[in-house]
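Visitor: Sharing a structure here in C-alpha cells format.
Since every read-out is calculated from the coordinates, none of them should be taken as a lab result. Remember, predicted model here, so these are calculated numbers, not experimental data. No Cβ is skipped: glycine too gets one built from the backbone with ideal geometry, and neighbour counts run over all protein chains shown.
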C-alpha cells in the first residue's frame, strides 16, 4: 500500500494477512470459524531499492539473493491457506514495500502462481503497488496480460526538491513517464498516491501538485497527510525539532485537496481517497467495512471472524519458517464484539456512507453536539461527516470509542 502516511487523512488498505496449514491443523482451536469464502487477499512484498525515512510499514532493502526463495515462500503460504479456507477472491492487493522491485520473471512467477491456485471467477479488482523508479514497459505489459487490473503509483509529489526530502528514488519526470507507460500497457484503473504536510512544502506547491495530477487524468487519487511515525527517521528528526507539524497548515492542505479534486469531478468517498465515478477501491471498501481478509507475507495481518493474527516482521525468518513447514504467525488476537464495533465506527465514519444511526444510538449527546458544531449530519439513516467534519475525522471518531 505505497501507502505510507497515516493521519486524519490516511487509513489505507491494510498491510496484512496469513496462517499456514501446519499450525492450523496442529491447533484446531486456532482455526477461525467461517463458512463463507474468503473474498479479499493482501500480499506483502517488503523489498525496497531505498528505504524512505517517513515509512513505518515493514520493509527492507532489496536482497537479490533472497527474492526467489521469498516468492516460493509466498506461494507456499498461499497453499497452506487454501487447505484451511475456501478462497474465492473479489480483490487481490499486492502492497509493500515495493512489489515492482521484484524482477519481471519473479512477478510473473508470483502472479501466475496465484492464477493457477485460486478461483478468480469472482475477481473484481487486482491491485499492484508500484514505485515510478521500478516500472518498466515489460513489467507493465506482463502484469496487465496476467490479469492485474489496477496500479497504485507512489508519486507522492511532483516537486523534485520534496521528493529528495522524502528520500524517493524517482524524479517527477520519471513519475510522469511511468504513468503514461502504464496507460500504454492498457491499464484503465490507475491510482496516484500524493502526500501533503511535507517539510518545507508550501500551499502553492500543493496546489500545483493537485493540478498536475488532475491533468494526467488518473482514475483514483489518494492524498495523505504526512505523520511522524515512531521507528522512522522522520520521527527522530521531528523529536529533535528539525521538522515541525502545523495542524492549521495541514488543514488548509486538506481543504484545498477536497475543493480542487471535487471540482475536477473526483468523488471524495473516504477521508484520504478520491475517485472518478465507478473507480473507488473495492479492496479498501472491504477493509473499511470490516470484511474478512487473509494476508500473506511477512508482517501480514489477517482477520477472519473473531480472530486476527499477524505474521513475523522479518522476511528471512518468514522464508525459513514457511519453507520448513512451520507457521509464520507471530501473534494472535481474539476480537470481541465491542472491538469490532469500535473499528467499524472509526473506519466507516471516514467514508462517504458514514455510520448507521443504530451504531451510535447510545451516543445521542455526542452526535447532537457534533451536529450543532456542523461536523456531522444525518443522511439516509446514517451519520455522515460534513465537509468541516472531514478535516477532523479522527477526533470525531474518538468520541464514540
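Visitor: For a Förster distance of 22 Å, can you work out the FRET efficiency between the beta-carbons of residue 122 and residue 83, rounded to the nearest 0.05? It would help to have the intermediate numbers written out before the result.
Guide: Details: r = 20 Å, r/R0 = 0.91.
Working from the Cβ atoms, E equals 0.65.
Visitor: Sort 214, 51 so that the residue with the fewest other Cβ atoms within 10 Å of its own Cβ comes first and the one with the most comes last.
Guide: Details: 214 17, 51 13.
Listing 214, 51 from fewest to most nearby Cβ atoms yields 51, 214.
Visitor: Sticking with this one: Say each of residue 380 and residue 136 gets a label point 7 Å from the Cα, pointing the same way as Cα to Cβ; how far apart are those two points in nm?
Guide: Those two pseudo-labels are separated by 4.6 nm.
Visitor: Next question. Would you mind classifying region 21-288 by shape? Square roots of the alpha carbon gyration tensor eigenvalues, ordered a ≥ b ≥ c; an a/c under 1.5 is rounded, otherwise it is prolate if a/b is larger than b/c and oblate if not. If you can, show how the numbers build up before the last one.
Guide: Numbers: a/c = 1.65, a/b = 1.52, b/c = 1.08.
The shape class here is prolate.
Visitor: Follow-up question, since we're still on this one. Expected output is a single nm value to one decimal: the length gained when fully extending between residue 371 and residue 332, i.e. 0.36 nm times separation in residues minus the C-alpha distance. What is it?
Guide: Details: separation 39, 0.36 × 39 = 14.04 nm, distance 3.87 nm.
Full extension from residue 371 to residue 332 adds 10.2 nm.
Visitor: Order these by the 10 Å Cβ neighbour count, fewest first: 274, 269. Before the final figure, lay out the partial values.
Guide: Values: 274 27, 269 20.
With the fewest neighbours first, 274, 269 line up as 269, 274.
Visitor: Need one number: nm distance between label points at residue 171 and residue 317, each 7 Å from Cα along Cα→Cβ, rounded to one decimal.
Guide: Here the modelled spin labels are 4.1 nm apart.
Visitor: Let me ask another. Please label the shape of region 56-100 as rounded, prolate or oblate, based on the square roots a ≥ b ≥ c of the eigenvalues of the alpha-carbon gyration tensor (a/c under 1.5 means rounded; beyond that, a/b larger than b/c means prolate, else oblate). Provide the component values of the computation, followed by the final result.
Guide: On the way: a/c = 2.71, a/b = 1.57, b/c = 1.73.
Oblate, because a/c is 1.5 or more while a/b does not exceed b/c.
Visitor: Which peptide among 126-133, 57-64 comes first, and what is the full order, when sorted by highest mean count of other Cβ atoms within 10 Å? Walk me through the numbers before you get to the answer.
Guide: On the way: 126-133: 25.2, 57-64: 16.6.
Peptide ranking by packing, descending: 126-133, 57-64.
Visitor: With each label point set 7 Å from Cα along the Cα-Cβ vector, what nm distance links residue 202 and residue 36?
Guide: About 5.1 nm, to one decimal.
Visitor: I would also like to ask the following. Mind ranking 37-47, 71-81 by how tightly packed they are, going by the mean number of other C-beta atoms within 10 angstrom, highest first?
Guide: On the way: 37-47: 24.4, 71-81: 21.4.
Averaged packing, sorted descending, gives the order 37-47, 71-81.
Visitor: From the square roots a ≥ b ≥ c of the eigenvalues of the alpha-carbon gyration tensor of region 348-399, which class results: rounded (a/c under 1.5), prolate (a/b over b/c), or oblate? Don't skip to the end; give the middle numbers.
Guide: Details: a/c = 1.37, a/b = 1.12, b/c = 1.22.
Taking the square roots of the gyration eigenvalues as a ≥ b ≥ c, region 348-399 is rounded.
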